[in-house]
1. Relative contact order of the range 193-345: what whole-number percent is it, with Cα pairs under 8 angstrom and at least 6 residues apart?
2. Bin all alpha-carbon pair distances of the chain at 20 Å intervals from 0 and give each bin's fraction as a whole percent.
3. Can you list the residues of the range 29-68 with backbone N under 14 Å from a point 7 Å past the Cα of N236, pointing along Cα to Cβ?
4. Once a ≥ b ≥ c are taken as the square roots of the eigenvalues of the Cα gyration tensor of the range 148-223, is the result rounded (a/c under 1.5), prolate (a/b larger than b/c) or oblate (a/b not larger than b/c)?
5. Taking the range 247-316, which trypsin sites (Lys or Arg not before Pro) meet the DSSP loop condition and have no more than 16 other C-beta atoms within 10 Å?
6. What are the ³J(HN,Hα) values, in whole Hz, obtained from phi via the Karplus relation 6.51 cos²θ - 1.76 cosθ + 1.60 with θ = phi - 60°, for each residue of the range 211-219 in sequence order, with x given for Gly and Pro?
7. I need the calculated FRET efficiency for the pair E334 and D176, taking r as the beta carbon distance and R₀ as 60 Å, to the nearest 0.05.
8. For the range 132-260, calculate the relative contact order in percent as a whole number, restricting contacts to Cα pairs under 8 Å that are 6 or more residues apart.
Amino acid sequence: MRRVIASLDVGSSLIKLVVGEVIKNKINILACVETPARGIKKGYIINGESAKEAFNEVFKKAENIIGLPIRKVIATVPSSYAECFLSSGTIGIDNPDKVITNDDVFKVMQKSIQNKIMDNKELVTVLPVSFNVNGEVVSSPLNMIAEKLAMKAIVVTVPKKNLEGIYAILKNMNIDLVDVVISPLGDFYQYKTKELSQNVVAMVNIGEITTTVSIFNKGILTNLEVIDIGGAQITNDLAYVYKIKEEDAKYVKEHLALAHTRLSQPNEFLNFEDKYEENVKINQYDASEIVMGRLTEIINLAKKQINLLTKKEISYIILTGGVTESPDFDILVEELIGPSGIIGNVEEIGARSNKYGTAIGMIKYYNSRLKLRNKEFSIFNPEEEEELTGAGKQVNITDNSILGKLFGYFFDS
């Protein structure tokens with residue numbers, strides 16, 4: 001069975017849809033599309049009709065590339081007010097030979113969250129920290145022989161409202177939401193390496209409206225915070241200073257300004273008409289100074305937030321998001337953070353832009369969950385896969401829980 005996974009990254013500026021096939025732990029991009037976000041703010045649906053139109057657009061674009069309808073997807077939900085807490089559970093091994101199976105792993109995950117999810121919260125994920133088998137701490141207990149299996153895990157939850165809007169729209173479109181992900185998980189799994197998984201790492205995703213800061217300790221999400229500032233503020237600064245239209249300010253940000261003034265040229269400029277219908281000449285140095293000022297503020301706020309989220313020594317700070325592709329952003333990172341600052345770089349063919357980093361990482365994250373349970377999954381049935389080639393849960397959440405309706409795709413045997 002081919003493992004084809006579709007991920008929907010819902011942002012305030014863009015909605016991105018990536019369809020990828022996992023082959024030997026590598027992602028083969030089958031479709032990578034985007035459309036302007038409408039009816040959405042900070043990941044929340046504020047206008048259902050406008051958002052549905054945008055969703056329909058992005059799915060149609062992907063389906064036109066693949067030649068097949070997409071009816072199953074994993075999606076981001078807002079990270080605001082997400083909570084991470086340490087939990088544990090222990091089960092007895094019931095089968096006669098006492099060999100730990102995939103079902104036992106699931107059962108101990110269930111046990112770790114039993115009676116621990118508040119009614120106003122939704123479970124996003126259970127991240128195993130370690131398993132204990134016969135007094136021995138192991139990363140994977142499969143096929144080991146034991147009377148009992150214990151697990152320590154980080155449980156991640158979000159408010160119910162973070163899921164409701166996206167779930168309702170996809171349901172109305174007859175698209176199954178098979179799992180939800182918060183963006184920090186996608187960000188980390190996109191850039192995950194053995195080195196990063198052995199250290200304390202901070203992820204900083206500079207989005208359009210917000211910047212998300214998250215802490216990973218040995219590959220496990222331990223804390224996060226969302227800051228209300230992002231790339232749109234840079235556009236607003238340029239529009240305010242030069243009294244030009246927002247679309248003109250965005251053009252200056254993307255095609256003229258640099259992230260640092262060091263290599264900017266005063267003799268490079270663009271002409272625009274301001275709100276008084278007068279010509280305004282914008283040179284690269286002055287525009288870069290404005291951009292650099294705001295980016296400096298964002299990075300310094302992120303650094304301050306990192307210190308509030310953890311007292312552990314940070315080995316690496318990974319910066320991602322579309323803004324990080326601004327010319328000379330690396331100079332600014334070196335100046336403000338030093339050698340521990342790393343700019344994430346999306347290298348998958350067909351999606352080489354940091355704005356797709358979260359969506360691709362979501363596929364890698366979901367694939368890791370499938371591997372944990374040794375389970376196969378594809379958004380396409382065997383007949384559709386042939387065409388593509390040519391072209392029982394018991395989780396302790398309430399009955400009206402959204403994830404109670406969708407977690408079966410991952411947990412059902």
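No lab work stands behind these numbers, since they all come straight from the coordinates. Just so we're clear, the structure is a prediction, and the values are computed from it rather than from any experiment. Neighbour counts run over all protein chains shown; Cβ positions are idealised from the backbone, glycine included.
1. Details: 283 pairs, mean separation 40.7, N = 153.
Computed value for the range 193-345: 27 percent relative contact order.
2. Reading the bins upward from 0: 25, 55, 18, 2, 0.
3. Hits in the range 29-68 for N236 at 14 Å: 42.
4. Working: a/c = 2.26, a/b = 1.44, b/c = 1.57.
Here the range 148-223 falls in the oblate category.
5. Values: sites: K250, K253, R262, K275, K281, R294, K303, K304, K311, K312; in loops: R262, K275, K311, K312.
Passing sites in the range 247-316 are R262, K275, K311, K312.
6. Taking θ as phi minus 60°, the curve returns 10, 9, 10, 9, 10, 10, 10, 6, x Hz for the range 211-219.
7. Numbers: r = 45 Å, r/R0 = 0.75.
Rounded to the nearest 0.05, the efficiency is 0.85.
8. Numbers: 128 pairs, mean separation 16.3, N = 129.
Relative contact order for the range 132-260 comes out at 13 percent.
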